[in-house]
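A short write-up of the structure that comes next.
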Amino acid sequence: MKNIFIILILCVNCLSIKAQATEERDNTIQKGLTNVELQKAIETYVKMTETETYKANKKATNKMIDKLNQKVIPKEIMNDNEWERWIAENLNTTKFISIGEANKLRTLNLELTKKQYAENAELYVLIRKATMSQRHEILKPERAGRPF
């Protein structure tokens, strides 16, 4: 009987410790931005859209989308091997004259994207932390009423 009582106490302690750890973890998980963070993200995003890096990146991205004959850039663009395979297989469905032209624009696009992220690291941390509705709010000034 004494052994069962000790086992019961140990089980209760383990459950209590697990519940406390779960509660602490839940309290550290952010559930979106605070109002102050949201306003900062909106203001920072607007400032970012006025930079030369952002404008150049947007221009390169739009050119890439146009040349690809698609509404979005394929996910294969992020991996060198996958991109090489994808562009070789799909060159005839694009507006690119050659694989070299596609690679040059891809390189420019990736370099500008990395530069934009580096220049605005704090903003991108806030965007990752934001809820989907907060992300829409952050991007709203540039979207000018267009749907997401």
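Bear in mind these aren't lab numbers, they're just calculated from the coordinates by the rules spelled out. No experiment lies behind these values; they were computed from the predicted model shown. Positions of Cβ are generated from backbone atoms using ideal geometry, with glycine treated the same way; all protein chains shown enter the neighbour counts.
Through the Karplus equation 6.51 cos²θ - 1.76 cosθ + 1.60, θ set to phi - 60°, convert the phi angles of segment 73-82 into ³J(HN,Hα) values in whole Hz; use x for Gly and Pro.
Values, residue by residue: 7, x, 4, 5, 5, 7, 10, 3, 5, 5 Hz.
For a quick protection proxy, order the peptides 104-117, 86-99 by their average other-Cβ count within 10 Å, most packed first.
Descending mean neighbour count gives 104-117, 86-99.
Using label points projected 7 Å from each Cα along Cα→Cβ, tell me how many nm separate TYR117 and MET78, to one decimal.
The modelled label-to-label distance comes out at 0.8 nm.
Taking a quarter of the surface of the convex hull around the Cα atoms of segment 33-148, what do you get in nm²?
For segment 33-148, the mean projected area of the Cα convex hull comes to 7.8 nm².
Can you flag which of LYS114/LYS140; LYS40/LYS63; LYS55/LYS75; LYS40/LYS140 are past 19 Å Cα-Cα?
LYS114/LYS140; LYS40/LYS63; LYS55/LYS75
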